[in-house]
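These notes concern the structure reproduced below.
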Amino acid sequence: MENSQELTKQIRELAREKNAIILAHNYQIPEVQDLADLTGDSLALSIQASKTDADIIVFCGVHFMAEAASIVCPDKKVIIPVKDAGCAMADMLTADQLRQFKEQHPGVPVVTYVNSSAEVKAESDICCTSANAIQVVKWTKSPQVIMTPDRNLAAWVSLHTDQTIHAWNGYCPIHDELSVEAVKKAIKEHPNAVLMAHPECPRAVLELAHVVRSTSGMLKYAAESSHKEYIVATEIGLLHPLAKQNPGKKFYPASPDMICQDMKKTGLKDILKALEKEEPVVKVEEEIRKRAYKAVERMMQVPRD
């Protein structure tokens, strides 16, 4: 039976032959993260990949992430190793539903989280990430804003602006189901740890957190902080890069149940097979891609704090 090292070697050799770049989200299994050329947040990975001369992108993540790569890198072939790796949050809002929601709030700009389909992005005025959502909403300078699809991210942003936010009632089940009781249990078990929480968590959890950050923000905070212990309130896949990048520090999950099964579907054999066959391909239809790209492009114009 082929072991991980042999599979990794085969994948890397094949990727070189085909001029392919392998991207892995921070929630992927450790073997996939360790194999990847680039790891990180979904949109940041696509933007980084667009600056390379790779012909093929293998996106180890979920479907909306591969779509984002297709939006940002139209000249590259984008492959997702597991076709049915989806996102429950992204599936909670369709383009038709967004059009109807816009009709209820005429003239109000739409800020859409990148955890959404290409069709939904195409119906939006501007995209945001969990890292820059507050800045993006403020940048619109609109007294009212529609935020989709995550109600928890919208609730977090509303605490930091005077703007009225009309939130779509979507959520990430992994984050939304994290209970205050589970977090308090983790705090009791690790009283000296800093609690880092993702803004996709419910507000009651965020109120307990010492810091609220995106996955990349958590990695940055842990690297720069002098603290030695951390409770991590996001999908457990992030514990791998946190521990890898901070060997002298300890990281604990806020709950061991914070596992996204879709993010765990991709294995080394799936990547090898996808590279060999150069499929499944994810390609966003050009008319939708152009409109979606405008929303992403506007986001990139927003100054960073």
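The values are calculated or read from the model by the stated rules, or taken from the named source; none is laboratory data. These figures come from a predicted structure and were not determined experimentally. Neighbour counts are summed over all protein chains in view; Cβ atoms, including those assigned to glycine, are modelled from backbone coordinates with ideal geometry.
Values computed for the structure shown
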read-out: Filter result for the condition that a residue is surrounded by fewer than 17 Cβ atoms within 10 Å (Cβ to Cβ) and either in contact with a strand residue (DSSP E or B) (Cβ under 7 Å, 6 or more places away or on another chain) or not charged (D, E, K, R) (or both), over 250, 277, 269; value: 250
read-out: Residue in the range 36-44 that is touching a Phe, Trp or Tyr at 6+ places or on another chain (Cβ under 9 Å) and assigned to a helix (DSSP H, G or I) present; value: yes
read-out: Qualifying residues in the range 50-84 (those that are in a helix (DSSP H, G or I) and in contact with a Cys (Cβ under 6 Å, 6 or more places away or on another chain)) - the one surrounded by the fewest Cβ atoms within 10 Å (Cβ to Cβ); value: 50
read-out: Test set (1) under 18 Å from residue 130 (Cβ atoms); (2) among the hydroxyl-bearing types (Ser, Thr, Tyr); (3) touching a residue at least 60 places away in the same chain (Cβ under 8 Å) - residue 252 fails condition number; value: (1)
read-out: Test result for residue 74, in the same structural domain as residue 275 (by TED's automatic domain parsing), out of contact with any Lys or Arg (no Cβ under 7 Å at 6 or more places or on another chain) and in contact (Cβ under 8 Å) with a residue 60 or more places away in the chain; value: no
read-out: Qualifying residue in the range 21-40 (condition: farther than 23 Å from residue 263 by Cβ and either basic (Lys, Arg) or touching a His at 6+ places or on another chain (Cβ under 9 Å) (or both)); value: no
read-out: Positions within the range 126-159 being farther than 15 Å from residue 203 by Cβ, in a helix (DSSP H, G or I) and touching a residue at least 60 places away in the same chain (Cβ under 8 Å), in sequence order; value: 135, 136, 139
read-out: Pick from the range 170-184, criterion touching a Ser or Thr at 6+ places or on another chain (Cβ under 9 Å) and not in a helix (DSSP H, G or I), ranking: farthest from residue 147 (Cα to Cα); value: 179
read-out: Residue that is nearest to residue 140 (Cα to Cα) [pool: residues in the range 85-125 that are without any contact (Cβ under 8 Å) to a residue 12 or more places away in the chain and not in a helix (DSSP H, G or I)]; value: 107
read-out: Residue satisfying all of: in the range 27-62; among the aliphatic types (A, V, I, L, M) and within 12 Å of the chain's Cα centre (by Cα); nearest to residue 83 (Cα to Cα) among these; value: 62
read-out: Test: residue in the range 189-198 that is in contact with a strand residue (DSSP E or B) (Cβ under 8 Å, 6 or more places away or on another chain), surrounded by fewer than 16 Cβ atoms within 10 Å (Cβ to Cβ) and either over 27 Å from residue 303 (Cα atoms) or of a type in the set (Asp, Glu) (or both); value: yes
